[in-house]
Amino acid sequence: MPDCLFCKIIAREIPSQLIHEDSQCVVFKDIQPQAPTHVLIVPKKHVSGLSACSDEDKPLLGHLQRVAAFVAEEAGIASGYRLLTNNGRSAGQSVDHLHYHLLGGRPMNWPPG
Ligand code: AMP
Ligand code: ZN
């Protein structure tokens, strides 16, 4: 396993506020929330980001989106939320383990910064 923050969270070596877990992913609250609901949807498989995914990851990527919709429903934000991934430093990626941000509970501006 690489020296990876999210791999350590998945392995319970670092605590998190976990709200969902299944065979393929975990969902936990972002430590610096940018909206009333801000959670991270993180595959258990270590892959550095979306650009590092391959065709074999298509089912996993689909699963992450389905989990996002489920979590949004459970959180009561299904009528309006944003799902995004930052790919690369210039896009704001700070943790090199693929993750999707699910944000909601406030109006979302467009375009994003
Ligand atoms: P990104 O900048 O897109 O790579 O997103 C990484 C996210 O991880 C940021 O929103 C951070 O606030 C969040 N984060 C960093 N450390 C932790 C942690 N220990 N537990 C939960 N979220 C974290
Ligand atoms: Zn990792």
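Details
- Seen from every direction in turn and averaged, the convex hull around the alpha carbons of the range 62-113 projects onto 4.2 nm².
- Protection proxy ranking of 50-62, 33-45 - average other beta-carbon atoms within 10 Å, highest first: 33-45, 50-62
- Protein heavy-atom accessible surface, 1.4 Å probe, per residue over the chain: 60 Å².
- Accessible area of the chain belonging to carbon and sulfur atoms, whole % at 1.4 Å probe: 51 percent
- Model label zone, CYS4; criterion: amide N under 20 Å from point 7 Å along Cα-to-beta-carbon; scope the range 54-88: 54-68, 84-88
- Reciprocal of mean inverse Cα separation for the chain (Kirkwood radius, Å): 14.4 Å
- Simple spin-label estimate for VAL95 and LYS29 gives 1.4 nm between the two label positions (7 Å along the Cα-to-Cβ direction from each Cα).
- With the helix formula -39500 (n - 2.57) applied to DSSP H stretches of n ≥ 4, the chain reaches a computed 222 nm mean residue ellipticity of -6500 deg cm²/dmol.
- The residues neighbouring ASP57, those whose beta-carbon lies less than 15 Å from its own, together hold a net charge of +2 under the Lys/Arg +1, Asp/Glu -1 convention.
- Free-standing Cys, the chain [no other Cys Cβ under 4.7 Å]: CYS25, CYS53
The values are calculated or read from the model by the stated rules, or taken from the named source; none is laboratory data. From a predicted model like this one, the values you see are computed outputs, not experimental measurements. Glycine gets a Cβ as well: all are built from the backbone with ideal geometry, and neighbour counts include every protein chain shown. Only protein heavy atoms, including side chains, enter the accessible area calculation; ligands, DNA and RNA are left aside. Shrake-Rupley method; radii C 1.70, N 1.55, O 1.52, S 1.80 Å.
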